[in-house]
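Undergrad: Let me begin by handing over the structure; questions about it come next.
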Amino acid sequence: MSSIVQNVGEAGRGLVALKDIKVGELIARDTAVIAIPANVNVWEAGEEIVRQLKKMSSTEKEEFYNLTGKDGIHQLCDELMEDASGDTKSHSKAQKLIKNCNEISIFFNNDIATDDSFRCLFLYFSLLNHSCDPNSFWTGSVKNPRQLELRAAKDIEEGEEMTLNYILVEGRFIDRPTRHARLREGWGFYCKCSLCQGENLDIHQQKQEILKQEICILQSDMISECDQNPATVSWARLCTLQSELVELVGQLSCGQLLLGRELKSLANFAQLARREDILENTLNSWDLIIQDLGVERWRREYNFLVEKLRKWTLKRKKKENPNEEEIRQFLWLM
């Protein structure tokens, strides 16, 4: 066991390292105890959450009810009940919601979307607190999308709290005020991590904000280039812009966690731009990150792209303009 649940102060409980952990090292695995389809509406979700909750052991139930709930859910239930007065159907739905309000509040404050289009609750990993500059990250396991693997994003010392970025993908390039608003809206807390503490930005924080601004400018230029007839798109320009973006992402505090996605996009653009040199360097860089962080799922994704590139080698070597089919095969991961 590499971690233990401890009180970590203002954030409540958290996971703390029991030993020194090296970057890429597997810390723990956790399997979902509740899983509901992502498209299930909130009325149906409550009954399904409770149904699965009843199947848990007494210890698991206790751990579930010790998790924090989402702010505002109880108030919302009361408002729905008040609004439903006089409408039999709406009143029935509101009653179901109120009956399971506590369970709904806990589930939707801690659920994680998995790759098989489910919303899942993981009892142990629900205790991971947020940081915009995290020292750990999770990915779905290869064999079971409802099992997560937690790995070290950087070296972690014994006694150090393990943190996770709750908005690593969707919030990767947003500015500090927008990031704070998203966290308050989603989880109801004010982030006080190394990138957020203090009213005024220090030099490191300023650099991170400037990098993200520059990345967003590049993305805007790329969108403009893509927003035209594919026959007139300059794949060489897009490849150059994505190369610049990769350089900037690599300077972000959690850049190594984001580079895989951006390097995959660069490999796609290099294919379409017929840039053999950039393609080779990009694949080498991506391969090194996968080696460092040890994620089997990323290795499979890498191998899949390499195999796809092999099938399109002749087109690349002949430097023919890409057709619609090839463009669909090598899309930009915006």
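Undergrad: If you take the alpha carbon radius of gyration of the chain and divide it by 2.2 N^0.38 Å, what ratio comes out, to two decimals?
TA: My calculation over the Cα atoms of the chain gives 1.14.
Undergrad: For an R0 of 25 angstrom, estimate the FRET efficiency from the Cβ-Cβ distance between Lys318 and Asp115 and round to the nearest 0.05.
TA: 0.10
Undergrad: Compute the whole-percent fraction of alpha carbon pairs in the range 94-169 spaced more than 18 Å apart.
TA: Above the 18 Å cut-off, the range 94-169 has 49 percent of its Cα pairs.
Undergrad: Hey, what do the phi angles of the range 283-296 turn into as Karplus ³J(HN,Hα) couplings, whole Hz, using 6.51/-1.76/1.60 and θ = phi - 60°, x for Gly and Pro?
TA: Ordered by residue, 3J(HN,Hα) equals 5, 5, 5, 5, 4, 5, 5, 5, 4, 5, 9, x, 8, 4 Hz.
Undergrad: Contact order normalised by length for the range 189-312, with contacts defined as Cα pairs under 8 Å and 6 or more residues apart; what percent is it?
TA: Once normalised by length, the contact order is 18 percent.
Undergrad: Let me ask something additional. As I understand it, the value is the acute angle between the Cα axis of helix 88-99 and the longest principal axis of the Cα atoms of the chain; what does it come to in degrees, rounded to 10?
TA: 90 degrees
Undergrad: If you add up the charges near Phe118, with Lys and Arg at +1 and Asp and Glu at -1, over every other residue whose beta carbon is less than 12 angstrom from its beta carbon, what do you get?
TA: Cβ neighbours under 12 Å give a net charge of -2.
Undergrad: Moving on to the next point. Go through the range 31-40 residue by residue and turn each phi into a ³J(HN,Hα) via Karplus (6.51, -1.76, 1.60, θ = phi - 60°); whole Hz please, and just put x for glycine and proline.
TA: Here the 3J(HN,Hα) series is 10, 4, 9, 9, 9, 10, x, 4, 8, 6 Hz.
Undergrad: May I pose another question? Going toward the positive end of the dipole of the range 198-334, with +1 on Lys and Arg Cβ and -1 on Asp and Glu Cβ, which of Ser224, Ser253, Leu333 do you reach last?
TA: Leu333
Undergrad: Of Asp30, Asp78, which has the most accessible area with a 1.4 Å probe, and how do the rest follow in descending order?
TA: So the residues, ranked largest to smallest area, are Asp78, Asp30.
Undergrad: Is it possible to state the helix-based mean residue ellipticity at 222 nm for the chain, with each DSSP H run of 4+ residues giving -39500 (n - 2.57), the sum divided by total residues, to the nearest 500 deg cm²/dmol? What is it?
TA: Calculated at 222 nm, the ellipticity per residue is -16000 deg cm²/dmol.
Undergrad: How about Lys311: which lysines have a C-alpha closer than 30 Å to its C-alpha, ignoring those fewer than 8 places off in the same chain?
TA: Of all the lysines, those that pass the test against Lys311 - Cα under 30 Å, at least 8 places apart if same chain - are Lys143, Lys264, Lys319.
Undergrad: Which shape class, rounded, prolate or oblate, goes with the range 247-300 when its Cα gyration tensor gives a ≥ b ≥ c as root eigenvalues, a/c under 1.5 marks rounded, and past that a/b bigger than b/c marks prolate?
TA: Because a/c hits 1.5 or more and a/b fails to exceed b/c, the range 247-300 counts as oblate.
Undergrad: Moving to a separate point now. Need one word for the range 209-304: rounded, prolate or oblate. Basis is the Cα gyration tensor (sqrt eigenvalues a ≥ b ≥ c); a/c below 1.5 gives rounded, then a/b vs b/c decides.
TA: It is oblate, given that a/c is not under 1.5 and a/b is not larger than b/c.
Undergrad: On C-alpha positions alone, give me the angle between the axis of helix 42-53 and the longest principal axis of the chain, in degrees, nearest 10.
TA: Orientation of helix 42-53: about 80 degrees from the principal axis.
Undergrad: How high is the relative contact order of the range 101-155, given as a whole-number percent (alpha carbon pairs under 8 Å, six or more residues apart)?
TA: 26 percent
Undergrad: Let me ask something additional. Near the amide H of His130, under 5 Å away, which other amide H atoms are found, from residues 5 or more places off or on another chain, if H is placed in the peptide plane?
TA: Leu164
Undergrad: Normalised by the residues of the chain, what does the relative contact order come to in percent, with Cα pairs under 8 Å and at least six apart?
TA: 18 percent.
Undergrad: Here is a further query. Bin width 10 Å, origin at 0, all Cα-Cα pairs of the range 264-334: what percent of pairs per bin?
TA: 20, 54, 22, 4
The values are calculated or read from the model by the stated rules, or taken from the named source; none is laboratory data. Here the structure is a predicted model, which means the values were calculated and not measured. We place every Cβ from the backbone using ideal geometry, glycine too, and count neighbours over all the protein chains shown. SASA here: full protein model, heavy atoms, side chains in, ligands and nucleic acids out. Shrake-Rupley method; radii C 1.70, N 1.55, O 1.52, S 1.80 Å.
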